[in-house]
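The structure appears right after this line, and notes come after that.
The values are calculated or read from the model by the stated rules, or taken from the named source; none is laboratory data. On a predicted model such as this, the values are computed, not experimentally measured, just so you know. Cβ sites come from the backbone with ideal geometry, for glycine too, and all protein chains shown count toward neighbours. Areas reflect the complete protein model, heavy atoms only, side chains present, ligands, DNA and RNA absent. Shrake-Rupley method; radii C 1.70, N 1.55, O 1.52, S 1.80 Å.
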Amino acid sequence: MTSRVVSTYSIAACDLAAGRWGVAVQSKFLAVGSIVPWAAPGVGAIATQAMANPRYGPDGLELLALGHTAQEVVARLTEADGARETRQLGVVDAHGRAASFTGSECNEWAGGRTGPCFAAQGNILVSSETVDALAETFEATAPLPLPERLLACLAAAQAAGGDRRGQQSAALLVVEKDGGYGALSDTLVDLRVDNAQRPIEELHRLYEEHEALFGKTPRSSWLALDGELAAEVRSRLASLGYERLEDWAGVENLEERVDGEDAIDPVVLEHLRESTP
């Protein structure tokens, strides 16, 4: 296999209470999300970069699934790799234990930091402040959902200097058992910006759109579909040529936010109002 130089900064992390694992990454490299991030719910998360060895992803997840700790996985993967000194790797396991490896031949600045539930690392960076920003932001944003924490980490790392060559692509991968579309997938979020001048900003925009379509509003915050509101919804649907809310929602990719006819998600109502005069 011919390895590719994926010089970048990333954070592999988890939220044990929510049962989520994920990776966020940015690089001056085309389509970094196709190589660096790997994760499986209840198993762990892995970021493989520098002179990246993509096999670290599936092979590392297999080792984690067998019960090996993050540190053991890093050791096994790198000890078996003759080019390990060109690699960089971050691993978080099923229990939130973390490990990071930076080979001696990675381009400066290169290094990593670990803590409970996270491994942050980077190479060809302006300075160590980029990795410090990843770690400190993750630790400071505990109340947020994991995808939002990881996006905040990327933004803070870029503000601290980032990749010294600039920006090009970014990605966000978060997994949760049955957390994906229709509860039929474990992929909660899988978003990539493959080539852009400001990839982190674009990734954040995509995440906001993703949440609008697939996010979950607590049922207690839904609005009862009766009286004047029910009449308004029927009128707006009729103006668009629909009788049933679920039919319109399906066309608008909002089907995950519709459940019955007795109440409406405020996000759906807002979209319906924006779609009609």
## Note on the structure
Treating only Lys and Arg (+1) and Asp and Glu (-1) as charged, each at its beta carbon, one finds that the chain has a dipole about its Cα centre, in Debye to the nearest 20, of 1040 debye
### Message
More than 28 angstrom separation, counting every C-alpha pair in region 71-209; what % is that?
### Response
20 percent
### Message
If I compute Rg and Dmax of the Cα atoms in Å from the structure I just sent, which labelled value in (1) 17.4, 51; (2) 19.7, 65; (3) 21.1, 71 lines up?
### Response
(3)
### For region 95-159 and region 210-257, distance of Cα centres in Å
40 Å
### Query
Cβ under 15 Å from Glu85's Cβ, Glu85 left aside: what net charge do those residues give with Lys, Arg +1 and Asp, Glu -1?
-2
### Task
On the protein heavy atoms, probe 1.4 angstrom, tell me the percent of accessible surface of the chain carried by carbon and sulfur.
49 percent
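I'd like to check one number: the per residue accessible area of the chain, probe 1.4 Å, reported in Å² as a whole number.
Values: 12660 Å² over 277 residues.
I get 46 Å² per residue for the chain.
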### Task
Which order do the peptides 77-83, 226-232, 20-26, 255-261 take when ranked by the mean count of other beta-carbon atoms within 10 Å per residue, highest first?
20-26, 255-261, 77-83, 226-232
### Query
Any number yet on Rg/Rh for region 124-186, C-alpha, Kirkwood?
1.09
